Amino acid sequence: MNTAVQILVSGLTLGAMYAISTIGLSLAWGAVGVLNMAQGGFLVIGGYAAYAGATYLGLSAPLALALSALAGAAVGAATYFFVIRFMLDCDNFETNVIIATVGLALIFENVILQAFGAYPLRQPVRIEGGVNIAATYVPYESIAILAASVTAMMAVAWVLARTRMGRAIRAVSQNRAAALLMGVPVNTVYLQVLTISGVLAALSGVMLSTITTLAPTMGYDPMLKAFIVCVVAGLGNMYGALYAAFALGILEASVQFFLGVRFGFPAMLLLIILTLVWRPYGVFGRGVTQRF
Amino acid sequence: MRKDVAIGLPLLVLAIVVPFAWPTRYVVEEMTLFFIWAAVVTQWNLVFGVAGVFSLAQMAIFAIGGYVTGMLGLYLGWSLWLAMFAGGLAAVVFSALVGVACLRLRGAYVALLTLAITQTMYLLIITDTECFYMEGVTCRNFTGGTRGLTGYGDFGFHQLLPHKYAAFGDYFLALAVLCTATAFSVFIIRSPVGLAFKALRDNTVYAISRGIGRFKYQLLVFAASALFTGLAGAVYAGHFRVMGANTLYLSQTLFLLSMMIIGGVGQIWGPLLGAAALMLVDEALKEVVEWRLLGLGLMLVVFVVVWPKGLAGGVEAIARRWRRDSVRAFAAVRPEEVASAKE
Amino acid sequence: MRDDASTVLEVRGLVAGYQDHEVLRGMSLALGKGELVTLIGPNGHGKTTLLRCISGLVRPSGGEIRFGGESIVGRRANEIVARGVVHIPQGDLLFPEMTVADNLMMGAYLPSANAAAETRLKEVYELLPALQERRFQIASTLSGGERRMLAIGRGLMSGGQLLLVDEPSLGLAPIAIEHVYSVISSLRQRGWTILLVEENVNRIIDIADRVYLLDAGRIVWEGAPHTLFDHQELLEVYLGS
């Protein structure tokens, strides 16, 4: 009994981390087909911006978070202006975006490394303390992440489904030419999505760095997990992503408990491959199966 | 085909002459490494540029080749010459399995899944801490763990060749792998399989109506190209006498990806050009090594955004313009002769 | 060619194409207020490209397009629709995963149209009652005729003066074609200026004010629809009938 609760608690903690890393990525990939490999870099920049704000500028926690959001918006917009904008009309948009954003990721990593060093830092913008649940210590930060990830996912899903901007984003993802004919400024939609995705990623980065540490490469692992969540859930399905994140978190926690920590990720990978063989567009995906 | 030989043969002659002309350890060492990476990139180019599968598992396939070779040498005492081919075959089997799992998915999914496979392999190796055998009082892991797999020896050129030329052995072995890999790549691109892929790219509906099934050909190229990738891994393992998880670093994958992109995706001579360019740039950046990633990243972004056809595409465009200009200059004098010359 | 104050659309010497393949080679035409003008001609000779140039989906390489007296050539599609040019494209180009109602609301995306969305929606449902019945259905599950109606309804939601309609009968059953044309006639009565692309000459004889015959990227004949039959040679050469 105690074991089950323990697995559940650490599974939910992991799941919340996955969910919060997934939001920004899922928005950009699911809604406008930009698979942003620099998303990990967005997380890192957000984390370090909050750190710099609190440590060097002496900002209070809310202001440091605001600074981080601002930094996220700036890199998101810069990604649009320097990279995505030029590729919108090319044939291999999908793969070219992957390659170009991989390049961006390297640039971000290098700049952060030179600015802050490779030594892991402690995130000062945090909530201290925690509680014991079933003999497992749960930091308040984990609970905050859980709440934030669920709230943010639902907020993004609501914006996409109910608002004028959300409808325009969906229109661009479903038929770009038609969206233009309806008067949607398509380029502006890409800019909006990347900026919002940057803000979400930056704030996620601050929260993630409170329970791990700040390091120039800390973004890659959450990013890979976020990709997996997106793939399992199926693209563009926010609620699906939420379920998938928690399901994978609990799965990983169980595998770690029963088989050992090192098999957590391989077990996830195996499950994903099996999932995709069964449903190539993800568990909650709705894509039409192509013939080729 | 004749054009390919006309380009390839002089390069081969050059590669044979170089170690005799500059027999320094530095040149021979760098060139050997160049041959290995170029061989891997030619095969990756077949998978991505020709078959259109954006796989990031290339270094995982390479590592399978290297690790299997090393393990057969270490645990079963095989000669590396024999183990090398076993390593190549293991790479083919591994690649076919990855292909079956991934190839039915769409572009970005393939990239993510293969990246995850590479990452999983890396994690499994560096977290390997169980004792597999004891070497004196030290505990050794099955995969070599973070220290790397060692103790399986090398290709034995130090016994076969006079001391002065010992390093030439690995040099020419790597060159041989690169040559066969390049020949295979030319063969695939010019063969009906290559044409089938071109048909699929140009007009999918027509190609399908003619019964050209993408999956079958993709799997074929994916598996076959793994043979040379695995052999390159084996040569790498034998050359350095250690096989480590550093081959699976993301940065290594991206270094080779940059070679492919900057050289020119889908072009026969792109990988060679790209590998040479990237190794030269890397060498030039040794002074400012702390900005290496930035340089790599900038090059990737700039090439994809501004020059997606890469260096090989650039060379071809210049060659075409030069040819056209010369035809035009000729035409200005006697148009009718150009017309007859064309026939 | 008309050239008075009532001219809504004027195209002069338009040149456009894709990559190195030129489709329009100096195209000129004009539409007066409230006219229904039809563009006919063989496939692949630039009818669709002309409409795409007018609505801004394709950027012409030369020539002039004036709408309401102002030049719109080279502007972005979203700016042109804001001025009142509605393009109902070939193949409908619906938003397949949205409901019928969401598709219609996308038509009213622009702030000016959004303000009038309520009343326009009522008008569209009145004109096309089938859409109201199916308003919660996902667009990709509609029948061909319903899709065409949705494409037309979505265009009307934008509001404007000029309607570009690209082959509204394409791929539809005869009864659905009948319906589409009755809708187009009633739109004309409501004051829209309409530029219609059609392959089937018999369809447009009764409803069009004027006909332009297009061949190889140029206008080769212009006149009243029934006089078309006086020029048997034109019909034979260009339509192969």
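Return a whole-number percent for the relative contact order of chain B, with Cα pairs under 8 Å and 6 or more residues apart as the contact set.
27 percent
Beta carbons within 10 angstrom, averaged per residue: use that to sort the peptides A:183-191, A:10-18, highest first.
Per-residue mean Cβ counts within 10 Å order the peptides as A:10-18, A:183-191.
Let me check against my output: what whole-number percent is the relative contact order of the stretch A:44-85, with C-alpha pairs under 8 Å and at least 6 apart?
On the way: 25 pairs, mean separation 17.1, N = 42.
Computed value for the stretch A:44-85: 41 percent relative contact order.
So which cysteines in the protein assembly as shown don't have a second cysteine's C-beta under 4.7 Å from them?
A:CYS90, A:CYS230, B:CYS102, B:CYS179, C:CYS53
Can you give me the C-alpha center-to-center distance between the stretch A:99-144 and the stretch C:144-183, rounded to a whole angstrom?
55 Å
If I take every Cα pair under 8 Å that is 6 or more residues apart in chain A, average their sequence separation and divide by the length, what percent do I get for the relative contact order? Provide the component values of the computation, followed by the final result.
On the way: 460 pairs, mean separation 105.7, N = 292.
After rounding, I find 36 percent.
In the stretch A:53-153, which chymotrypsin sites (Phe, Trp or Tyr not before Pro) fall in coil by DSSP and have 15 or fewer other Cβ atoms within 10 Å?
Passing sites in the stretch A:53-153 are A:TYR56.
Lysines within cross-link reach of C:LYS33: Cα-Cα under 24 Å, excluding same-chain residues under 8 positions apart?
C:LYS47
Report the percentage of all Cα-Cα pairs in the stretch C:1-135 whose separation exceeds 20 Å, rounded to a whole percent.
55 percent
Beta carbons within 10 angstrom, averaged per residue: use that to sort the peptides B:268-278, A:33-43, highest first.
For the peptides B:268-278, A:33-43, the packing ranking is A:33-43, B:268-278.
Looking at the stretch C:118-172, which trypsin sites (Lys or Arg not before Pro) are in a loop (DSSP not H, G, I, E or B) and have at most 16 other Cβ atoms within 10 Å?
C:ARG135
Divide by every residue of chain B the summed helix terms, -39500 (n - 2.57) for each DSSP H run of at least 4, and state the resulting mean residue ellipticity at 222 nm, rounded to the nearest 500 deg cm²/dmol.
Value at 222 nm, helices only, nearest 500: -24500 deg cm²/dmol.
Net charge around B:THR143, counting only other residues with Cβ within less than 11 Å of its Cβ (Lys, Arg = +1; Asp, Glu = -1)?
Numbers: positive: B:ARG140, B:ARG147; negative: B:ASP128, B:GLU130.
Surrounding charge for B:THR143 is 0.
Tell me, rounded to the nearest percent, the portion of alpha carbon pairs in the protein assembly as shown spaced more than 52 Å apart.
27 percent
Please average, across the residues of A:106-114, the number of beta carbons from any other chain that are within 10 Å of each residue's own beta carbon, and give a whole number. Could you put the intermediate results ahead of the total?
Numbers: counts 15, 9, 3, 5, 9, 4, 0, 4, 4.
Mean number of neighbouring Cβ atoms from other chains: 6.
Cα atoms only, chain A: Rg and Dmax in Å?
Reported Rg and Dmax, both Å: 18.9, 60.
Taking θ = phi - 60°, what integer Hz values does the Karplus form 6.51 cos²θ - 1.76 cosθ + 1.60 yield along the stretch A:244-256, in sequence order, with x for Gly and Pro?
4, 4, 6, 4, 5, x, 5, 4, 5, 4, 5, 4, 4
Kindly work out what percent of the DSSP beta bridges joining two residues of the protein assembly as shown are antiparallel, to the nearest 5.
Taking every DSSP beta bridge within the protein assembly as shown, about 65 percent pair in antiparallel fashion.
Could you give me D for chain C, from Stokes-Einstein at 25 °C and 0.890 mPa s, where the hydrodynamic radius is the Kirkwood radius over C-alpha pairs? Units µm² s⁻¹, please.
In µm²/s, the coefficient rounds to 134.
For a Förster distance of 22 Å, can you work out the FRET efficiency between the beta-carbons of C:GLU70 and C:SER28, rounded to the nearest 0.05? Provide the component values of the computation, followed by the final result.
Details: r = 18 Å, r/R0 = 0.81.
According to the calculation, E is roughly 0.80.
Per residue of C:102-113, what is the mean number of Cβ atoms on other protein chains within 10 angstrom of that residue's Cβ?
Per-residue shielding by partner chains comes out at 4.
Could you order peptides C:77-85, C:226-234 by the average number of other Cβ atoms within 10 Å of their residues, highest first?
Per-residue mean Cβ counts within 10 Å order the peptides as C:77-85, C:226-234.
Over its Cα atoms, what ratio of radius of gyration to 2.2 N^0.38 Å does the stretch A:144-236 give?
1.26
Based on Cα coordinates alone, diagonalise the gyration tensor for chain B, multiply each eigenvalue by 5, take square roots, and list the semi-axes in whole Å, largest first.
Equivalent ellipsoid semi-axes, largest first: 37, 25, 19 Å.
Only four residue types carry charge here, +1 at the Cβ of Lys and Arg and -1 at the Cβ of Asp and Glu. Report the dipole size of the protein assembly as shown about the Cα centre in Debye, rounded to the nearest 20.
Values: 61 positive and 55 negative charges, 100 e Å.
Computed charge dipole of the protein assembly as shown: roughly 480 debye.
Of the listed pairs A:LYS225/B:LYS198; B:LYS216/B:LYS309; B:LYS3/B:LYS198; B:LYS3/B:LYS286; B:LYS198/B:LYS286; A:LYS225/B:LYS309, which have alpha-carbon separations greater than 30 Å here?
A:LYS225/B:LYS198; B:LYS3/B:LYS286; B:LYS198/B:LYS286; A:LYS225/B:LYS309
Project the alpha carbons of the stretch C:68-184 onto their principal axes and report the range along each, largest first, in whole Å.
40, 27, 24
What are the trypsin sites (Lys or Arg not before Pro) within the stretch A:121-187 that DSSP puts in a loop, where the Cβ has at most 11 other Cβ atoms within 10 Å? All intermediate terms of the calculation are to be shown ahead of the outcome.
On the way: sites: A:ARG122, A:ARG126, A:ARG162, A:ARG164, A:ARG167, A:ARG170, A:ARG176; in loops: A:ARG122, A:ARG126.
The qualifying sites are A:ARG122.
Considering every residue in A:88-99, what mean count of other chain Cβ atoms within 10 Å of its Cβ is obtained?
Averaged over the peptide's residues, the number is 5.
The numbers here are math on the coordinates, done by the rules we state, and not lab data. Keep in mind that this is a model prediction, so the values were computed, not measured. All Cβ positions, even for glycine, are placed from backbone atoms using ideal geometry, and neighbour counts span all protein chains on display.
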